[in-house]
Amino acid sequence: MPASGHEGGLQGTATGRETGEGTRAVRAGLPEPLKYEPTLPGPVFAAHYHLPGEPTGPYTYGRDENPTWTHLERAISELEAPGRPVESVVFASGMAAISAVALSQLRAGDVAVFPDDGYQALPLLHDQLRAYGVEVRTAPTGGNAQRKLLSGAKLLWLETPSNPGLDVCDIRALVGEAHSAGTLVAVDNTLATPLGQRPLDLGADFSVASDTKGMTGHGDLLLGHVTTADAELAASVRRWRKIAGAIPGPMEAWLAHRSLATLQLRNDRQCATALTLAYALRERPEVSGLRYPGLPDDPSHRVASVQMRRYGSVLSFTLPDREHAERFLDGLHLVDDATSFGGVRSTAERRGRWGGDAVPEGFVRFSVGAEDPEDLVADVLHSLDGLGFTGNRRTG
Ligand SMILES: *Cc1c(COP(=O)(O)O)cnc(C)c1O
């Protein structure tokens with residue numbers, strides 16, 4: 001699908017000014033208004049399309065293209081790179097999108113540089129890549145540590161802020177070094193969403209995300225996307241989707257598009273409350289290792305404040321041990337003990353229960369929803385009070 005040449009959507013106002021983010025979110029990807037047609041056409045359920053004669057696109061078979069994906073892909077492109085001709089490709093999940101970039105770009109003998117503190121399923125991908133003869137090198141996100149491993153690399157994979165540690169690396173600086181070495185750069189933008197950070201504007205070749213999280217924000221579907229300004233790279237990723245068949249259902253794609261309309265509203269509320277909660281938590285003696293890139297004294301803040309427009313809905317902190325963390329989660333009434341993040345309903349979990357991340361036993365990843373901030377902070381403080389912690393104020 002060419003990204004340009006569609007009439008709908010919104011690239012600017014009648015006065016030629018670039019539109020604001022809220023305006024862009026509510027109008028993203030909408031087709032040209034047609035009398036008696038809905039604003040956002042409903043999901044198209046089709047395994048195949050009427051196709052007499054020569055089989056030319058855009059719509060031939062359901063694994064290749066679907067009009068509901070097309071609308072969503074245009075919407076995502078308008079958010080990822082406003083006013084620029086880029087292409088987005090949607091996938092059944094974030095891991096499908098990540099795998100599509102890695103497996104379409106890397107060949108036996110290539111070198112790929114990944115974070116060692118990224119999403120917990122990345123090590124599975126590393127093992128698979130190694131089995132295919134790819135050399136995988138890893139280093140932490142913080143301190144731009146991956147830059148030291150770039151020699152001879154085909155692909156640099158960044159995840160910033162990283163999940164769950166919330167470290168941040170300097171995308172523009174790393175892209176500069178990678179590109180001068182001929183290395184492609186992909187950024188997992190899941191935590192930030194395109195309203196928090198635009199990797200393509202910072203020079204990255206691919207912006208990749210799990211749209212299961214804050215992008216769609218209701219905790220009711222899995223989805224992923226890849227966006228790139230390079231038509232050849234887009235074609236290779238689209239080809240991979242066809243090969244692997246990791247396609248989203250039309251219903252999920254439509255729900256996702258519907259959810260994008262509130263992306264700015266949700267982001268503004270969730271990010272503001274996350275900062276409020278971070279300030280409340282840092283006064284607490286039982287909380288250590290509090291991380292939120294929006295806190296002015298957070299180790300990530302300096303770089304984050306340059307490349308991010310919003311700091312996200314997730315914060316992390318550590319309680320003294322596993323038992324305190326479990327009792328804290330049990331004592332919450334407005335926060336579900338559940339994995340994933342970015343949804344309108346707050347969730348939190350003891351991340352160590354999965355065994356995949358290098359985190360302390362008492363480490364809690366907390367995703368701030370759209371509840372009233374006073375209610376959420378009161379619920380969290382009440383649960384902490386219930387721990388009856390009497391230790392000294394912890395540092396760090
Ligand atoms: C959740 C997540 C993924 C995987 O996404 P799925 O939609 O669950 O496949 C990838 N990267 C990050 C940073 C994530 O948080």
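If you average the sequence gap of Cα pairs under 8 Å that are 6 or more apart and divide by the length of the chain, what percent do you get for the contact order?
Working: 849 pairs, mean separation 61.0, N = 396.
Relative contact order here is 15 percent.
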Per-residue HN-Hα couplings for the range 165-170 [Karplus 6.51, -1.76, 1.60; θ = phi - 60°; Hz; x = Gly/Pro] = x, 6, 7, 10, 10, 8
Packing rank of 15-24, 329-338, where each peptide gets the mean count of other beta carbons within 10 Å, highest leading | 329-338, 15-24
Stokes-Einstein D (µm²/s) once Rh is taken as the Kirkwood radius of the range 32-153 over alpha-carbon pairs, at 4 °C in 1.567 mPa s | 72 µm²/s
Compare PRO123, PRO38, PRO115 in a GNM of the chain, Cα atoms joined below 10 Å, and give the one with the largest fluctuation.
-> PRO38
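Kirkwood Rh over alpha-carbon pairs of the chain, then Stokes-Einstein at 25 °C and 0.890 mPa s: what D in µm² s⁻¹, rounded to an integer? List each step's numbers first, then the result.
Working: Rh = 21.7 Å.
The estimated diffusion coefficient comes to 113 µm²/s.
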Given 25 °C, 0.890 mPa s and a Kirkwood radius over Cα pairs, the Stokes-Einstein diffusion coefficient of the range 44-95 in µm²/s is 197 µm²/s
In sequence order, calculated HN-Hα J values of the range 361-366 (Karplus, 6.51, -1.76, 1.60; Hz; x Gly/Pro) = 4, x, 6, 10, 9, 10
Summarise the accessible area of the range 21-260 (1.4 Å probe, protein heavy atoms) by the percent that is carbon and sulfur.
-> 55 percent
At HIS48 and ALA121, where each label point lies 7 Å from the Cα along Cα→Cβ, what is the point-to-point distance in nanometres?
-> 3.1 nm
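Could you calculate the contour length gain from ASP330 to GLU135, that is, 0.36 nm times the residue separation minus the distance between their Cα atoms, to one decimal place in nm? Can you show the working numbers first?
Values: separation 195, 0.36 × 195 = 70.20 nm, distance 4.31 nm.
Using 0.36 nm per residue and subtracting the Cα-Cα distance, I get 65.9 nm.
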For GLU159, which sequence-distant residues (separation of 5 or more, or a different chain) have an amide H within less than 5 Å of its own amide H, given hydrogens modelled in the peptide plane?
-> ASP188
Long-range amide H partners of GLY249, meaning residues 5 or more apart or on another chain whose placed amide H is closer than 5 Å, are none
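Normalised radius of gyration for the range 254-396, please: alpha carbon Rg relative to 2.2 N^0.38 Å, two decimal places. Please report the intermediate quantities before stating the final value.
Numbers: Rg = 15.0 Å, N = 143, 2.2 N^0.38 = 14.5 Å.
In units of the 2.2 N^0.38 Å rule of thumb, it is 1.03.
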Under a 5 Å amide H to amide H cut-off, with H placed in plane at 1.01 Å, what residues pair with THR141 once short-range neighbours are removed?
-> ASP116, ASP117
Straight-distance crosslink candidates among aspartates and glutamates, where the alpha carbon sits under 15 Å from LYS154 and sequence neighbours closer than 8 are dropped | ASP110, GLU135, GLU177, ASP205
Kindly rank 341-351, 248-258, 374-384 from highest to lowest mean number of other beta carbons found within 10 Å of each residue.
-> 341-351, 248-258, 374-384
The chain - charge dipole about Cα centre, Lys and Arg +1 at Cβ, Asp and Glu -1, debye rounded to 20 | 560 debye
Highest GNM mean-square fluctuation, the chain, Cα pairs closer than 10 Å: which of LEU72, LEU34, LEU106?
-> LEU34
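Given the -39500 (n - 2.57) contribution per DSSP H run of 4+ residues, what per-residue ellipticity at 222 nm results for the chain, rounded to the nearest 500 deg cm²/dmol? Intermediate values should be presented prior to the final figure.
Numbers: 11 runs with 127 residues, N = 396.
Helix contribution divided over all residues of the chain: -10000 deg cm²/dmol.
The values are calculated or read from the model by the stated rules, or taken from the named source; none is laboratory data. Because the structure is a prediction, the values reported are computed rather than measured. Cβ atoms come from the backbone with ideal geometry, glycine included; neighbour counts cover every protein chain shown. What goes into the accessible areas is simple: the full protein's heavy atoms, side chains included, and nothing from ligands, DNA or RNA. Shrake-Rupley method; radii C 1.70, N 1.55, O 1.52, S 1.80 Å.
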